[in-house]
1. So if I take the centroid of the Cα atoms in the range 84-155 and the same for the range 60-81, what is the distance between those two points in Å?
2. Whole-Hz ³J(HN,Hα) for each residue in the range 224-229, computed from phi via Karplus 6.51 cos²θ - 1.76 cosθ + 1.60 with θ = phi - 60°, x for glycine and proline: what do you get?
3. How would you rank 11-19, 225-233, 162-170, highest first, on the average number of other Cβ atoms within 10 Å across their residues?
4. Out of the total accessible area of the range 26-332 (probe 1.4 Å, heavy atoms of protein only), what percent is carbon and sulfur?
5. In the structure shown, do any of Lys114/Lys205; Lys114/Lys166; Lys166/Lys187; Lys113/Lys330 have a Cα-Cα gap over 26 Å, and if so which?
6. Cut-off 10 angstrom, C-alpha nodes, Gaussian network model of the chain. Which of Ala25, Ala221, Ala292 fluctuates the most?
7. Hey, can you rank 189-199, 113-123, 75-85 by average C-beta count inside 10 Å, highest first?
8. Using only helices, what value at 222 nm comes out for the chain when you add -39,500 (n - 2.57) per DSSP H run of length 4 or more and divide by the total residues, to the nearest 500 deg cm²/dmol?
Amino acid sequence: MTFPAQRMRRMRRTEPLRALVRETALEPGDLIYPLFICPGKGVRNPVGSMPGVFNLSVDEAVREAEEAAQLGLGGVLLFGLPETKDDEGTGAWEENGIVQQALAALKQSPAAKKLVLIADVCLCEYTSHGHCGVVVKSGDGPDANFDVANDPTLEILARTAVSQAKAGADVVAPSDMMDGRVGAIRKALDAAGLAQTPILSYASKFASAFYGPFREAAGSAPQFGDRRSYQMDGANLREAMREIDLDIEEGADMILMKPAMPYLDVVRAARQRVEVPIGAYQVSGEYSMLHAAFEKGWLDPNRAMIESLLSIRRAGADFIVTYFAKEAAKLLR
Ligand code: PBG
């Protein structure tokens with residue numbers, strides 16, 4: 001049957017008809033809101049390249065999380081800006097670390113109980129060199145080589161995850177891209193009596209220009225080199241599938257794909273391949289470029305925001321980490 005008997009426009013005629021046949025749903029509960037926690041009290045420092053995003057002291061972060069809960073968001077993802085940094089990223093796992101403090105405070109808030117508290121497990125915000133692991137130097141002078149050492153980093157990541165879970169994280173989310181870290185974290189959590197703490201692994205994380213604004217927000221730009229020896233090459237889809245398989249084998253309960261919009265094919269391929277819940281991270285650069293166009297009046301903010309999130313859900317993500325979470329939830333309610 002073809003035209004004129006077949007007319008696709010019949011089902012688009014009214015909003016109730018369109019709503020009836022809409023294939024993909026977007027709900028506040030699908031959205032996770034990232035928070036950047038900094039020292040101090042009453043601090044709300046705006047991040048220049050990310051309008052509407054702030055570095056928040058613990059008390060302000062609690063207020064923000066309570067608003068997120070009221071809006072029906074699914075959870076918050078915590079990043080920390082420590083008072084001081086060192087070569088080994090000690091601030092990531094200290095009992096009184098900045099994220100640990102925030103988790104403890106959030107656990108005290110009855111309103112925030114509705115949220116899943118997710119802690120990002122990585123060292124780049126805590127190391128003086130800004131890399132996601134321990135840096136070893138070989139050679140001297142202009143010929144010196146720097147390498148982010150995989151195996152020595154695992155123990156520090158595992159220690160970080162355990163301390164976050166002890167402080168109150170419902171889920172730990174390693175984003176460092178070291179080999180073997182999911183297994184190392186699972187083993188350490190189990191040994192610490194935290195067998196019930198799930199791991200959301202950033203299984204497929206590409207070395208991306210779209211993380212640029214985040215590094216301003218988290219003060220985590222590498223002081224030398226880049227992350228291409230541990231994050232994936234943007235050209236590789238099959239490699240992403242191997243990363244996912246390995247993380248699930250090592251015990252990942254959920255996986256996170258990142259960035260989202262420039263890698264929707266990867267999200268789709270992952271959805272077709274595995275049964276675990278999949279999240280996608282609409283990263284800082286995706287947020288900032290849309291905001292830049294909003295500020296110029298070139299895109300309609302509300303429509304472009306919802307369309308971008310819907311595209312990620314349609315590709316196959318069950319949930320989305322996004323800086324738009326609060327704004328989107330206000331529209332979706
Ligand atoms: C930590 C981490 C990064 C992001 C999430 N976790 C930065 C990076 O890898 O450089 C990026 C998030 C964003 O851009 O919004 N490794």
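1. Using only Cα atoms to place each centre, the spacing works out to 20 Å.
2. Ordered by residue, 3J(HN,Hα) equals 8, x, 9, 9, 6, 7 Hz.
3. Working: 11-19: 9.7, 225-233: 15.8, 162-170: 22.7.
Descending mean neighbour count gives 162-170, 225-233, 11-19.
4. Details: 6400 of 12770 Å².
About 50 percent, which is the carbon plus sulfur part of the accessible surface.
5. Numbers: Lys114/Lys205 28 Å; Lys114/Lys166 19 Å; Lys166/Lys187 15 Å; Lys113/Lys330 20 Å.
Table pairs above 26 Å Cα-Cα are Lys114/Lys205.
6. Ala25
7. Working: 189-199: 16.1, 113-123: 23.4, 75-85: 20.7.
Most protected by this proxy first, the peptides run 113-123, 75-85, 189-199.
8. After summing the helix terms and dividing by residue count, I get -11500 deg cm²/dmol.
The values are calculated or read from the model by the stated rules, or taken from the named source; none is laboratory data. Not measured: the values here are computed from a predicted model. We place every Cβ from the backbone using ideal geometry, glycine too, and count neighbours over all the protein chains shown. Just the protein is used for accessible areas: all its heavy atoms, side chains included, with ligands, DNA and RNA removed. Shrake-Rupley method; radii C 1.70, N 1.55, O 1.52, S 1.80 Å.
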